[in-house]
Amino acid sequence: MATIQGKTRAIVLLSGGMDSCVCAALAARDHEAAALHISYGQRTEDREGRAFAAICDRLGIRERLIVRNEVFRAIGGSALTDSNIDVPESHAIGTDIPVTYVPFRNAHFLSAAVSWAEVIGAEKIYIGAVEQDSSGYPDCRPAYYDAFNSVVKTGTKEGRIQVVTPLIAMRKAAIVRLGLELGAPLDLTWSCYSEEDRACGVCDSCVLRLRAFQEAGQADRIGYAASVQSA
């Protein structure tokens, strides 16, 4: 479905993190983009919500939808949604899927996005899934998205909506470089799993982010805990 400007519509799942921000920049460049943010009771939901709004403002994405999903807080089982489970430091994460994995989270996010896409006539859904530099989350694997697209094709009215994962095979440093080339507002993003004021710098998400900026030869402009900044 073409718009007046000649661009098709697309939805970007925008958490407020670095990867989703780069996806938002791609979607805004190539489509008439709408942004979906899902708040699910995660520890940093307020900070992520502020990042979502700021990124949309910077990229000029006017059409936005914020949805609250109570399932994950109710079922627990993840350090991101259960206050009884501590967020581990990166060095404490082994080869198994870590406790920061939120059970089958991306299926819930994608289902909401597909439903909205049917309503507004969007043909693509962008999600910033990354396999190689993730923590081994099963819902960041290419096969997962191949399977999900089969479900979408079978279970929607016209079967034309496609979930796209432009970053899935990229390393984090390459994502940083791509974001800077696109003018993505990485300075507005938030990646920390546990803190909302200054990023802790020691959780797995912070460590991957810091390493990515270092390997890309760029400064990370968000604030980190004093112990990290002085290291």
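The values are calculated or read from the model by the stated rules, or taken from the named source; none is laboratory data. Being a predicted model, the structure only gives us computed values, none of them experimental. We place every Cβ from the backbone using ideal geometry, glycine too, and count neighbours over all the protein chains shown.
Remarks
- Scan region 149-169 for residues that are aliphatic (A, V, I, L, M), surrounded by fewer than 19 Cβ atoms within 10 Å (Cβ to Cβ) and assigned to a loop (DSSP other than H, G, I, E, B) and the total you get is 1.
- Evaluation of residue 179 against (1) under 24 Å from residue 99 (Cβ atoms); (2) under 15 Å from the mean Cα position of the chain (by Cα) (one fails), failing number: (1)
- Given (1) surrounded by 20 or more Cβ atoms within 10 Å (Cβ to Cβ); (2) touching a helix residue (DSSP H, G or I) at 6+ places or on another chain (Cβ under 9 Å), number of the condition residue 113 does not satisfy: (2)
- Failed item, numbered, when residue 119 is tested on (1) modelled with pLDDT of 95 or more; (2) surrounded by fewer than 19 Cβ atoms within 10 Å (Cβ to Cβ); (3) out of contact with any strand residue (DSSP E or B) (no Cβ under 8 Å at 6 or more places or on another chain); (4) farther than 16 Å from residue 13 by Cβ: (4)
- Qualifying residue in region 15-23 (condition: without any contact (Cβ under 8 Å) to a residue 40 or more places away in the chain, among the hydroxyl-bearing types (Ser, Thr, Tyr) and touching an Asp or Glu at 6+ places or on another chain (Cβ under 9 Å)): no
- Complete set of residues in region 112-145 that are in contact (Cβ under 8 Å) with a residue 40 or more places away in the chain, of a type in the set (A, V, I, L, M, F, W, C) and under 17 Å from residue 33 (Cα atoms): 112, 113, 114, 116, 117, 120, 122, 125, 127
- Tallying residues that are closer than 15 Å to residue 48 by Cβ and surrounded by fewer than 21 Cβ atoms within 10 Å (Cβ to Cβ) within region 201-217 yields 0.
- Any pair with Cβ under 6 angstrom, 6 or more apart, that starts in region 92-111 at a residue that is closer than 25 Å to residue 65 by Cα and ends at one that is surrounded by fewer than 18 Cβ atoms within 10 Å (Cβ to Cβ) and not hydroxyl-bearing (Ser, Thr, Tyr): 103/77; 108/69
- Taken over region 127-148, the residue count meeting the criterion of being surrounded by 19 or more Cβ atoms within 10 Å (Cβ to Cβ) and not β-branched (Val, Ile, Thr) is 8.
- Within region 45-94, the set of residues being among the polar types (S, T, N, Q) and surrounded by fewer than 15 Cβ atoms within 10 Å (Cβ to Cβ) comprises 83, 84.
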